[in-house]
């Protein structure tokens, strides 16, 4: 597991984050406020029939994605990031394995960092548990079609103008195709 983590961490390149400074995000969210939901209960984590065939490496890639993308979020936020990651896998557009999806160019900001901090062992184990459950069918209710999300504090990505916000969990806003 330590070797796998070292491989994953060494795969990172340059990090570039754009912090939200304009009104575009507010406009997109306000225009779609009637469909934006907030989940307040863990009952929103549901068992689905969708199981993913995965390797130990795929499990580690999903764990890394949860840790670096949603480590500060609550369990629902972590499950939501896993749901989007696995939704992307189902489309085949970002690759044919969990690792392909996680490391698809320009998709998850942490993968472009040159150096990542040492993970907290306790939080890493928790993310690994959620990754395992997600790979075995647990997902967030309402995100079945979601393929994108972004943090609420960054500049709104160009793709957000052609997608529909459906849910905000913590600092992430999740989108479906229009």
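Taken together, the values in this text are just the output of simple stated rules run on the coordinates, not laboratory data. All figures in this text were calculated on a predicted structure; none of them were measured in a lab. Cβ placement follows ideal geometry from the backbone for every residue including glycine, while neighbour counts extend to all protein chains displayed.
Return a whole-number percent for the relative contact order of the range 32-165, with Cα pairs under 8 Å and 6 or more residues apart as the contact set.
Values: 143 pairs, mean separation 52.5, N = 134.
Once normalised by length, the contact order is 39 percent.
Starting with the fewest neighbours, write out 79, 153, 67 ranked by other beta-carbon atoms found within 10 Å of each beta-carbon.
Working: 79 28, 153 12, 67 25.
Fewest to most other Cβ atoms nearby, the residues stand as 153, 67, 79.
When 154, 130, 140 are sorted by how many other C-beta atoms sit within 10 angstrom of their C-beta, beginning with the fewest, the order is 154, 130, 140.
Treat the range 114-178 as a sphere of radius equal to its Kirkwood radius over Cα pairs and apply Stokes-Einstein at 37 °C in a medium of 0.692 mPa s; give the translational diffusion coefficient in µm²/s, rounded to a whole number.
Numbers: Rh = 13.9 Å.
Estimated via Stokes-Einstein, D reaches 236 µm²/s.
Per-residue Cβ neighbour counts within 10 Å put 111, 48, 91 in the sequence 91, 48, 111, beginning with the fewest. Between residue 177 and residue 144, the distance separating the two model label sites (each 7 Å from Cα on the Cα→Cβ line) works out to 1.5 nm.
Grab the Cα-Cα distance for residue 117 and residue 151, subtract it from 0.36 nm times how many residues apart they are, and report the gain in nm with one decimal. Before the final figure, lay out the partial values.
Values: separation 34, 0.36 × 34 = 12.24 nm, distance 2.00 nm.
Contour length minus the Cα-Cα distance gives 10.2 nm.
What distance in nm lies between label points placed 7 Å from Cα along the C-beta direction at residue 108 and residue 49? Roughly 2.8 nm, to one decimal.
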